[in-house]
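Here, each number is a calculation from the coordinates, and none is a lab measurement. As the structure is a computational prediction, the values presented were derived from the model and not from experiment. Ideal geometry is used to build each Cβ from the backbone, glycine not excepted, and the neighbour counts take in all protein chains shown.
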Amino acid sequence: MSFHTIIIVGNLGRDPEMRYTPNGNAVTSLNVASNRVYTDTNGQRVKETTWFRVSVWGKQAENANNYLQKGSMVLIEGELRPDRETGNPRTFTRNDGTTGASYEVFARNVRFLSSRSGTGGQEGGFDDGPEMNDEDIPF
């Protein structure tokens, strides 16, 4: 038996999208941006964003759809799923021609870190997240 877990803290890049499977199970898709800020060897501040495609199931899917919105900060605990064809993250070409990757995560637990009335915020000392528009989201 093998087991792994991934924990992500980030902001939603767009509103949640909920649908139902043919047998009636709720599933909500979240696009989550997680930021890393560091200083490079030239002393320049660099902000790096990693995108995750998160699938949330059942009652948690319904709650995520009802209470989250673009910009909401979340903590996701789940399982990383590779691309079925390659075994790697999904790659894509950005508008500026550079290559990026997105990662598929099946959520086991979703925690809402933003207040219901607000989005983002500095709760827990985390970065507010990137300024996003729909062109920034790779999927």
key: Under 14 Å, Cβ to Cβ, from residue 18 - net charge with Lys/Arg +1 and Asp/Glu -1   = 0
inquiry  = Counting only other residues whose beta carbon sits under 11 Å from that of residue 84, what net charge do I get with K and R as +1, D and E as -1?
reply    = -1
message = Taking just the alpha-carbon atoms of region 6-125, what radius of gyration and Dmax come out, in angstrom?
response = 15.5, 55
query = So for the pair residue 94, residue 40, with labels modelled 7 Å out along Cα→Cβ, what separation do we get in nm?
reply = 1.2
